[in-house]
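Heads up, the thing below is written out as C-alpha cells.
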Amino acid sequence: MRHILLLLLVLAFGGVLRAQSPDEAWLEGTLVSKTDKTPLVNAFVVLRTADGVDTPFSALTDEKGYFLLKATTGTYRLAATFVQQTIILRPSLELPAGRLQLGTLPIELTRELEAVVVEGKTPLVRYEGSTLIFGEAAFAKARGGSVLDGLKLIPGLQIEGANKLKLYGISELVVYIDGRPQRMSQDEVIALLQGMSVSEIAQVELIREPGVEYSGVTTPILNIKRKTRGDEGVKGFTSLVGTYNQLFSEQLSTRVNLNYGRSRSYVSYTLGNKRYRETTTLSSGVVDDLRVDPRVSHQVGLGTDLTLGKGHSLGAQFLGNYADERLRFSQGMSNRIKWSNLYATLFHTFRASRWSLQTTAEGSRGSSDLRRDQGAMDVATKDDNRFARIALDFAHRLSSIFTLYAGAEVSRVAVDSRLTSRADELTLREWNIEGYTKLGFRLPKVSGFVGLRIAGEDRKGSLGGGLGDFFRSGAELLTSASLRYAPARDHELSLTHSSSYTRPSYRDLLGYTSVASAAFLRKGNSGLRTSYRRGLSLNYTYMRAAQLELSYSDTEDPIVEAIPPMYGGGITLRRYNLDYSRTLRALLVLPLPLVSQKKFSWLALTILAAQRQWDAGRIETNDYSAALNTQFVQHRHSFSLPSDWTVDLGVTYYSGVLYELYRIQRQWWIDASVSKRMGNLRAALSARDPFNTNIALTLHLNRAEGIASRLRYPLARYREVPPHIVRRRFCMHRVAVARGLCALRDDSTICAFCLSFVVPIIYVGV
C-alpha cells in the first residue's frame, strides 16, 4: 500500500508539469545582505506594474535567499519586502519569454536609503505545508531576553512545569538548533535556551509533521536557526531567573559571543539551583510526596563556526553537564543522583551554486551514580552510556523546478549498568544504519515533495532478571509527501503525509523489578515491539496568518505505561503495546491585530483545537478500549506600549486528554507578564497560574490490583467502576523572571546593569 501511494503521488506531481506557453517567463535570483553576504530568508519578491501596483507574480526566498517566480512577458518593477522594509530592486525590468537570471542581488538593509520605502510589515509567520516558519520580526517583543523568552511568543507553545516544551498542551517538542538535534535531557535543553540571547535567532521552524530527513522523530520539532553572522566584536548576555513553585529556585546564565571576520564563537556557563515538590495522592489513600531539594546543575558550552571561503564552512560545539540531585520521598526513602554528560559535534558544509553537502560527526558520553536509601536496604546503581553518529546530507538543485535531497547516517549506542544487589552486568550494544531520499519541486503556485527513508537496527545485550542475552534486528520503511497550492497571494492549501517509528528504550526492556518511588515499582517488558505512526494533515492559511488544519494519525503498536493486575507488593508500572491509537484533530488559529500604531499595538490571538482519540489493545490477559473528546482553547492579548513596555495576558484551557493509559481531566490557568526594555537591558515579571488552578485529576484506565474489578470499560462507563485516581498538584504558579544584556565592545568597555523587584518574589537582572 505504501508503495502504491508513493507511486500515485509521484504521478500526480508529474501531471502538474506542462509545456511552456510562448508568453511564459521565468525570473530567478538570489537576495543577500550587502554588508555580510548572508542570504535574506523569507523575503517577499513581487513584480509590480509601472504604477507600482502588485501583480499576482510573486515568490518567497528560501533558506539560501533564492527565488523563482513565474510571470508573463512585459515590463515591470521588481520589489522585495524584508523585515518591514520594501526595496525597489529594478525600477524598470523588461521580462522576455523564457528564463531571465538576475544572479546575486546585494541588498543594503537600512531605512535611510532613498531606494527603501517602508510600506507595511512583513508577515511574522509563513506556512509550508504543516511547517510554520517564524522570522526574526516575530520575536521583536522579546528583544533583550533569552531564546526561551522568544519561544514563548509562538502561538500554542507553552512550558509545562519547569522543563517541558509542549504544543497545544498535548504534544511534546523535540528541540533542534541549526538542524541538529539536542540529545540532552529536558532540563539541559531548557538551561541551554535560557542562556542564549534572542538576538541570535534568524528564524524558528515549527515542524508539526517531521519528514523522512528526521530520524525516528514522532513528535513536533522546534528547529532554531541562528544568524550565520553576528555583529563584529564581543557581545555578552547574562540572565538571572528566580522561580517560586512552593520552593524557590534560581538559575544564572552567561554567554559571550565573539565575532571577527569570518569566525563566530561563543562560551557559556549556566548554574542552576532547582527545588520543587510534587504530591501524588492515590485513590487507595497512599500519598507519594516527592521533594527535590536541591538539584544543583552546571552547564558549560563552547562553540565555533568558521567560514573558509568558496562555500566551505567548519564548525564545532561542545557542551558539558553535571548535576547533583537529592530526591526525598515519603515513608523515609531518599535518592541521591550524580550524573554527567559531555556532548561534542563537528560539522563541515560545502555549498556550490547548485548543490551542497554537509558532514556531521557527533558523540556523547555520560554516566550516572544513583544511591537509594530504602531503610533496611541500601541500593546503588551506576550507568555508563556512549553514543556516536556520522551523517551525510546532500542537496542538489536539478533545475529551476526540482531539487533532490539525500542522506545517510551510521550510529552506535553502548550502555553498561551495574547494580549492587545483582551479580550480573546489564549491557546494550546497538547499531543503526539509515538512509533517505527526497525529491522536491517548486512552481509559482504549486510546490511539494515526496520522500522515502529506510532505517535498520541491530541490538544485542543482556537484560538481567534471568532473561539472558537478547538480539533484535530489523528495518523500517518510512514515507512522506506534501503538496502545496497557492491559488492567490493570500490563500494557500497544503496536504501533508508523514510516517515515523518509536523503538522501545533499553530501560523499558529490562527484566527485573526496581523501585521507582515510595509508592511505585517498575518492571521491564522484554516483549515490547516497535510502534509505527502515520499521519495526514490538510491545512488552509489566509494572509499567512490565520490557519485551519484537519489532521489524522494512526499509531500501530503504541507503547504505553500500565499497571498490570498480577504484581503485588505495591503498585507496579510496566510498559505494553496496544493494538492502535488513532487521533482526529481540528485546529483553528486566529490572530487579530486590533491596533497597529508605531507607539502602541494590540494583538489578540485565539487558538481552538478539538480532538477525538481512540485507543484499544490488550494488557496481559485483559482487553482495553477507550475514547475521548478533547478541546483546547488559548486566548491571549499582547500590548506594546510607549517607552518600550510590553504586557501579555492569556488564559489556557483544555478539557482533558488521553496520555498513554491515563486520562488527565480538565485544566485551566491564567498567565501574565510585564516587561520593560531599557537599552540593552530587559527586565520582566511574569506569573503562571497565580490562582493555583492547575491541579490535574488523573485516572488510570486499566485495572490495578485491589482498586478496580474490571478492565474493559470505555470512559463513558467509568462511573460504574472505582478507577485508579491520581491527584497531582503541578505547582507552576508565581514565577518571576528578569533578563539582562551586556555589550562588550571592541574597546572592552563593559556595560553592566542591576535591577531588583521588591515583590513576593525577587528578581535581579545583570
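Key figures for this structure:
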quantity	calculated
Region 123-227: relative contact order in percent, alpha carbon pairs under 8 Å with at least 6 residues between	32
Spin-label pair SER601/LEU588, simplified geometry with 7 Å Cα→Cβ offset, distance in nm	2.5
Residue-by-residue Karplus 3J(HN,Hα) for region 356-364, coefficients 6.51, -1.76, 1.60, Hz, glycine and proline x	8, 9, 10, 10, 10, 10, 9, x, 8
Cross-link table LYS227/LYS598; LYS64/LYS227; LYS152/LYS225; LYS227/LYS438; LYS274/LYS676, entries beyond 22 Å C-alpha to C-alpha	LYS227/LYS598; LYS227/LYS438; LYS274/LYS676
Packing-based order for 592-604, 435-447, 347-359, using average beta carbon neighbours within 10 Å, highest first	435-447, 347-359, 592-604
Protection proxy ranking, peptides 318-326, 533-541, 131-139, average beta carbon neighbours within 10 Å, highest first	131-139, 533-541, 318-326
Protection-proxy order for peptides 478-487, 405-414, each taking the mean of Cβ atoms within 10 Å per residue, highest first	478-487, 405-414
LEU89 paired with LEU308, simple spin-label distance in nm, labels 7 Å along Cα-to-beta-carbon	3.1
Residue exposure sequence - ILE607, ILE433 - by fewest surrounding Cβ within 10 Å	ILE433, ILE607
Amide H contacts of MET196 (H built 1.01 Å from N, under 5 Å, at least 5 apart or other chain)	VAL147, LEU148
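No lab work stands behind these numbers, since they all come straight from the coordinates. Worth saying up front: this structure is predicted, and the values here are computed from it rather than measured. Every residue, glycine among them, receives a Cβ derived from its backbone with ideal geometry; neighbour counts consider all protein chains shown.
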